[in-house]
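First up is the structure itself, then whatever we jot down about it.
The values are calculated or read from the model by the stated rules, or taken from the named source; none is laboratory data. Everything quoted here is computed from the prediction, not taken from an experiment. When we count neighbours, we look across all protein chains shown, and the Cβ atoms used for this are built from the backbone with ideal geometry, even at glycine. Quick note on the areas: whole protein, heavy atoms, side chains included, nothing else; ligands and nucleic acids left out. Shrake-Rupley method; radii C 1.70, N 1.55, O 1.52, S 1.80 Å.
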Amino acid sequence: MENLQRVVMEVFGGCNYTCQMCPQSNPGRGANFTRKMPLAKFEKILDQLVPKYGNPQINLEGSGEPTMAKDLFDYVKAVKKRNLKCFMYCNGARLKGEFMKKVIDAGIDFIRISVIGYNRDLYNKWMNVDNFNLIISNLKEIKSYISSSGSKCQLSTYHLITDNSKIDFEIAEYKKNVIEVVKSQAYIWKMHNWSGNYNNKNKRLPTERRSCGRPFAPELTVRAGGEKGRTAAVVPCCQTLGPPNEAKSILGHLDLETYEEIWNGDRFKKLRQAHEQKKFDSIEYCKNCDFLYEDPEVLVWSNDSSAKVNHMLGTEEDFILTKYAKES
């Protein structure tokens, strides 16, 4: 708690995509979670956390699409004004033209764009929109502006294996149609089941369950919304996205509570105790989560030599989630 390394603070809870593998669209998050976090509230939370609990990297996505915020660059500026690293994971459809330039100019350090599908047809199938060519064009434009503006921002792409029986084929096609075209840093992972909220057709192999380490790790996940009339809900991780488990996973709200009050609250204590004792079935949003399985091949391929399973991008090398697991 005293040395946060990463805070995932959702700027916008809704999304402009309806991806097949995402609970944002199937069955949908609901109005309580799809709102925008006010900039003033965002800055107030930053000032509550920093530097009292460290100087963490700030990720702007949570589980919503940050580029839906028309003033996204102001959120980036708020992070950089406090001398913190600013990361963003997004779908990239809106990240173009003057809007993109303002985000880059604000000082963002890292942008990861999800390109699920190694060609136009597969992208359309999984992300439910015919935007493959648009995204390739946007990636080229972003990369060009990063270079011409002198920005130090890193640009990467992200793919999930859509058929576990064709992993080598998917890697080859993704390299050919995305990575070699854009010259991007890239990560290819197996799909996950969003704490049991998504019926994953490309399942991870079940193994003996062990703690994922998240309840003890030096990171914090904050939603833009939360319970009715509340904002800044703290949840254990981004994996609880969507019903029925997202609402059940709320540990408190930073709109009226402090981080210390939430960390020491009964809900957070119950979660940590369940992971310590491997009583995962006592936690509704943990019992069916496939992040409890040890799968060394879940990171299928990357051209980032530092990429590791259970390591959060941008954090210190030794920030490996499972390292923080405390099991009795």
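Summary of values
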| read-out | value |
| --- | --- |
| Helix-only [θ]222 nm of the chain, DSSP H runs n ≥ 4, -39500 (n - 2.57) each, per residue, nearest 500 | -7500 deg cm²/dmol |
| Only Lys, Arg (+1) and Asp, Glu (-1) charged, at Cβ; segment 1-90 dipole about Cα centre in debye | 200 debye |
| Whole-number accessible area per residue in Å² for segment 190-238, which is evaluated in the context of all protein chains at 1.4 Å | 36 Å² |
| For the chain, share of DSSP beta bridges that run antiparallel, in % to the nearest 5 | 30 percent |
| Apportionment of accessible area to carbon and sulfur, segment 61-154, percent (1.4 Å) | 45 percent |
| Dipole moment magnitude, nearest 20 debye, segment 169-328 about Cα centre, only Lys, Arg, Asp, Glu C-beta charged | 440 debye |
| Carbon plus sulfur fraction of accessible area for segment 221-328, probe 1.4 Å, in percent | 47 percent |
| Alpha-carbon Debye profile of segment 176-328, log10 I(q)/I(0) at 0.10, 0.13, 0.19 Å⁻¹ | -0.40, -0.67, -1.27 |
| Whole-number D in µm² s⁻¹ for segment 248-328, Kirkwood Cα-pair radius fed into Stokes-Einstein, 37 °C, 0.692 mPa s | 219 µm²/s |
| Dipole magnitude of the chain about its Cα centre (Cβ charges: Lys, Arg +1; Asp, Glu -1), debye to nearest 20 | 400 debye |
| Alpha carbon Rg of segment 153-195, scaled by the compact-globule rule 2.2 N^0.38 Å | 1.24 |
| Options V8, Q24, Y123, ranked by Cα towards positive dipole end of segment 1-135, top entry (Cβ charges) | V8 |
| Dipole axis of segment 264-328 (+1 Lys, Arg; -1 Asp, Glu on Cβ), positive-most option in W301, Q277, I320 | Q277 |
| Neighbour net charge for I171 - beta-carbon separation under 15 angstrom, K R +1, D E -1 | -3 |
| Qualifying trypsin sites (Lys or Arg not before Pro) in segment 151-182, DSSP loop, other Cβ atoms within 10 Å at most 13 | K152 |
| Loop sites in segment 60-109: trypsin sites (Lys or Arg not before Pro), DSSP, at most 12 other Cβ within 10 Å | K70 |
| Interatomic Cα distance distribution for the chain, bins of 20 angstrom, percent | 32, 62, 6 |
| Normalised convex hull volume, segment 171-236, alpha-carbon set, Å³ per residue | 183 Å³ |
| Cα-only radius of gyration and Dmax that characterise segment 6-52, units Å | 13.5, 40 |
| Loop-located chymotrypsin sites (Phe, Trp or Tyr not before Pro) in segment 51-150 whose Cβ has at most 10 other Cβ within 10 Å (DSSP) | none |
| For q = 0.12, 0.15, 0.18 Å⁻¹, Debye-computed log10 I/I(0) when each Cα of segment 76-202 counts as one equal scatterer | -0.49, -0.74, -0.98 |
| Gaussian network model of the chain, springs between alpha carbon atoms under 10 Å - residue of N124, N202, N303 with greatest fluctuation | N303 |
| Whole-Å semi-axes of segment 230-289's equivalent ellipsoid (Cα gyration tensor) | 20, 15, 7 |
| Residue among G30, G213, G64 with the largest mean-square fluctuation in a Gaussian network model of the chain, springs linking Cα atoms under 10 Å | G30 |
| Summed side-chain charge close to I262 - residues other than I262 whose Cβ falls under 12 Å, Lys, Arg +1, Asp, Glu -1 | -3 |
| Equivalent ellipsoid dimensions for segment 1-159 as semi-axes, Å, which come from the Cα gyration tensor, largest first | 26, 20, 13 |
| Unpartnered cysteines - no second Cys beta carbon under 4.7 Å - across the chain | C15, C86, C90, C153, C212, C237, C238, C286, C289 |
| Net charge, F280 excluded, C-beta distance under 15 Å - Lys, Arg +1, Asp, Glu -1 | +3 |
| Heavy-atom accessible area per residue - segment 23-117, 1.4 Å, Å² | 36 Å² |
